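One structure is given here, and the rest of the page talks about it.
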Amino acid sequence: MKIRMPIWSFLIVLLVATSGLAAPQADFNGRWLMDRDQSEGMPQGLDQVMIIKQSGDQINLDTRVLPDDQLGYTQSDVYLVNGQMQDFTPRRGGVDGKGKRTAKWTDDGQGIAIVEAVWFDTPQGQLEMHITRNWRLSGDGKIITIEMTQKDQQGTTRTKRIFTKLQPT
């Protein structure tokens, strides 16, 4: 009995100490404006506003794209950040495609890593793209950095979008 009591005490202390080690998840909720001057690889004359509503592992995203010379449009998406592969419907130029996506939290919980494979049927044949997106929230919660790599038949493109928080939603 004397030996078991210190072992139980040690196990309880160990359990309490390690229970708080899980990294808190980033809170992406809010309205975010793209900083064109800090962003890289984006077309000139393009603004974006993201409205993010996050609940647990579900991120609902509405991106308002505002070209200088045209009427804007909104693109909506949902990310399930659970590490499971999901089917989704990508949209490009008003055309729906087919896609598979995996989204997971980074080890520190302050970002998400998204991997997608998408296919579009076009008059020129099937267009296949492989896309990675890495979202990162700044320590003060005021900046989201989204780095994207897209590979398709025409090559590889990389962009880096910097968004600043406008207001919570």
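A count restricted to segment 10-37 and to residues that are over 15 Å from the mean Cα position of the chain (by Cα), modelled with pLDDT under 95 and not in a helix (DSSP H, G or I) stands at 7. If we keep just the residues of segment 90-114 that are modelled with pLDDT under 95 and within 17 Å of Asn60 (Cα to Cα), which is nearest to the chain's Cα centre (by Cα)? Among residues in segment 90-114 that are modelled with pLDDT under 95 and within 17 Å of Asn60 (Cα to Cα), the one nearest to the chain's Cα centre (by Cα) is Pro90.
Per the listing Pro43, Pro123, Pro67, the residue uniquely of a type outside the set (A, V, I, L, M), in contact with a Leu (Cβ under 8 Å, 6 or more places away or on another chain), surrounded by fewer than 16 Cβ atoms within 10 Å (Cβ to Cβ) and under 28 Å from Gln153 (Cα atoms) is Pro67.
Select from segment 115-127 the residues that are at pLDDT 95 or above and acidic (Asp, Glu) and list them in ascending order. Within segment 115-127, just Glu116 meets the criteria. The residue that is farthest from Gln154 (Cα to Cα), among those in segment 98-116 that are small (Gly, Ala, Ser) and surrounded by 16 or more Cβ atoms within 10 Å (Cβ to Cβ), is Gly111.
Among the residues of segment 38-52, count how many are assigned to a strand (DSSP E or B) and more than 20 Å from Leu166 (Cα to Cα).
Selection size over segment 38-52: 1.
Of all the numbered requirements in (1) of a type in the set (Lys, Arg); (2) surrounded by 14 or more Cβ atoms within 10 Å (Cβ to Cβ); (3) over 22 Å from Ile51 (Cα atoms), Arg158 misses one, and that requirement is (2).
Of the strands (runs of 3 or more DSSP E) lying entirely inside segment 53-169, those carrying at least 3 residues that are in contact (Cβ under 8 Å) with a residue 24 or more places away in the chain, out of contact with any helix residue (DSSP H, G or I) (no Cβ under 7 Å at 6 or more places or on another chain) and over 20 Å from Pro43 (Cα atoms) are 111-122, 125-137, 155-167.
The values are calculated or read from the model by the stated rules, or taken from the named source; none is laboratory data. Because the structure is predicted, anything quoted here is derived from the model rather than measured. FYI the Cβ positions are ideal-geometry reconstructions off the backbone, even for glycines, and counts take in every protein chain you see.
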